[in-house]
Amino acid sequence: MYFYRVENDLAVSALPDLPFETAEPGTPALFLTEREGGPAVFRATRSHHLTDPADVRWLTDGPALDRPLTAVNLRHPRWQDALAFTAPKPGKKRVHLLAVGDVGGTLLTALKLLGGDCISAIGIRDLNENTVARWVTEMGQVAWPWDYGALPEVEAIPENQLFDCDVFIFAATKAIPAVGSIVQDVRMAQFAANRPLAEHFAKQAREARFGGLFVVLSDPVDPLCKAAWLASNAAPDGTLDHRGLLPEQVQGFGLGVMNARAAYFAKQNPRFASFLTEGRAFGPHGQGLVIANSIEHYDDALSRELTEKVETANLRIRDLGFKPYVAPAVSSGAMQLLLTLRGDWHCSSVPLGDVWFGVKNRFTPQGLEVETLPLPDALFARLLETETLLKAII
């Protein structure tokens, strides 16, 4: 890779250990900056990505750069490591899954069936050894006839090998409100219980110097992402030293099912049909979700109505007497992970400023890229409200 300096007020003085040269046409270019929060390395496509803080303003459209740049935050102590954490490298990846309960088991099944092109093996770990043995045996007996190596193998792994992988999926949960309970926001009811679990394994990732993707699938996805990142980057004295997981190493997989639920309602009701071709989903897997019926023809009242339907869709399943885990495990978990590994656009929560915020994004050779759109003022105001809400949680 060649490096050259972009001359402007954010560029810093040359570093003696970097081989700055004039880039050949088509090779990546580095933009060096110093900022608080956000990814350590990201793909800048708009001019305001180089000047505005790394928050929801990055989602707005603006003047395009002459060429996309790899923006490097020199304030992050591990920015050099972050340069290597960009697009998925060639070859199949090893995925490790922590906990194979309702969500984990459904996710595992979907990854086994759909991930043969990009997953080499899936390691599973659970407190219940019989549960692990059951899933290893069951998944071992799932195969296409006469093509027995087409699907990834499923293996049991010990705790000391949890982070010997390319992707770690945190699907553990300590408490899920019972069906029929009066809890309205089930996801936030789980935060106090699940936060210590996420923090525990994030600290293990730090100790293991984990270099892969740390995926949070347990609820509430977005606050748990931040909690895991903070725990991973805490020094022994509790201070933040940024020596753990990179911000972009942590992604929350919760928005995918909200996007899919919006499409479900749009297919049922022609009033919402514009979502199928013009709509977007933003924000968390729960309170603060923003569904836009359309970007070009945004209708605030209609969008809020659709948002309410999506946000409470899980309660309708609970009203039927079931826990709503199948669609989240597949639409948020399996589908978004496979898109990620293939380097495609996907729905997930990524670090924007002080929060993890659900957006359409992808990993590229130039770093993490978020989709930019010409957001109407009313829609952007909703995104700012959600950002404020998420900041208040943790």
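The values are calculated or read from the model by the stated rules, or taken from the named source; none is laboratory data. Since we're looking at a predicted model, the values are computed, not measured. Because the Cβ atoms are built from the backbone with ideal geometry, glycine has one as well, and the counts that use them run over all protein chains shown. All accessible areas refer to the heavy atoms of the entire protein, side chains included, with ligands and DNA or RNA removed. Shrake-Rupley method; radii C 1.70, N 1.55, O 1.52, S 1.80 Å.
Computed values, structure above
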read-out	value
Residue list for region 127-147, filter: hydroxyl-bearing (S, T, Y) and touching a residue at least 12 places away in the same chain (Cβ under 8 Å)	T131
Residue list for region 119-152, restricted to those being assigned to a strand (DSSP E or B) and closer than 19 Å to A171 by Cα	I119, A121, I122, G123, I124, R125
Unique residue being of a type outside the set (S, T, Y), in a loop (DSSP other than H, G, I, E, B) and open to solvent by 20 Å² or more (accessible area, probe 1.4 Å) when the list is K391, K323	K323
Selection within region 342-388 - open to solvent by 20 Å² or more (accessible area, probe 1.4 Å), among the hydrophobic types (A, V, I, L, M, F, W, C) and either closer than 23 Å to D81 by Cα or free of Cβ contacts under 8 Å to residues at least 40 places away in the same chain (or both)	W345, A381
Unique residue being free of Cβ contacts under 8 Å to residues at least 60 places away in the same chain, part of a helix (DSSP H, G or I) and within 30 Å of L213 (Cα to Cα) when the list is L306, L339	L339
Meets criteria (open to solvent by 10 Å² or more (accessible area, probe 1.4 Å) and either touching an Asp or Glu at 6+ places or on another chain (Cβ under 7 Å) or closer than 29 Å to G116 by Cα (or both)) for R316	no
Region 235-250, residues that are touching a residue at least 24 places away in the same chain (Cβ under 8 Å) and either open to solvent by 10 Å² or more (accessible area, probe 1.4 Å) or basic (K, R) (or both)	D241, H242, R243
Scope region 50-73; condition part of a loop (DSSP other than H, G, I, E, B) and open to solvent by less than 30 Å² (accessible area, probe 1.4 Å); matching residues	A54, D55, G62
Which numbered condition P90 misses (of (1) part of a loop (DSSP other than H, G, I, E, B); (2) touching a residue at least 12 places away in the same chain (Cβ under 8 Å); (3) not basic (K, R))	(2)
Residue match in region 126-136 (condition: of a type in the set (V, I, T), open to solvent by less than 50 Å² (accessible area, probe 1.4 Å) and under 26 Å from D344 (Cα atoms))	no
Residues of region 281-310 that turn out to be closer than 15 Å to L375 by Cβ and either of a type in the set (V, I, T) or surrounded by fewer than 24 Cβ atoms within 10 Å (Cβ to Cβ) (or both), as a count	9
Selection count where residues are in contact with a helix residue (DSSP H, G or I) (Cβ under 7 Å, 6 or more places away or on another chain) and part of a loop (DSSP other than H, G, I, E, B), scope region 153-168	2
Some residue of region 277-287 being of a type in the set (A, V, I, L, M, F, W, C) and more than 22 Å from W356 (Cα to Cα)	no
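Listed here are the residues, each with its yes/no results for (1) in contact with a helix residue (DSSP H, G or I) (Cβ under 6 Å, 6 or more places away or on another chain); (2) more than 23 Å from L315 (Cα to Cα).
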residue	(1), (2)
G244	yes, yes
M258	yes, no
A262	yes, no
K267	no, no
R271	no, no
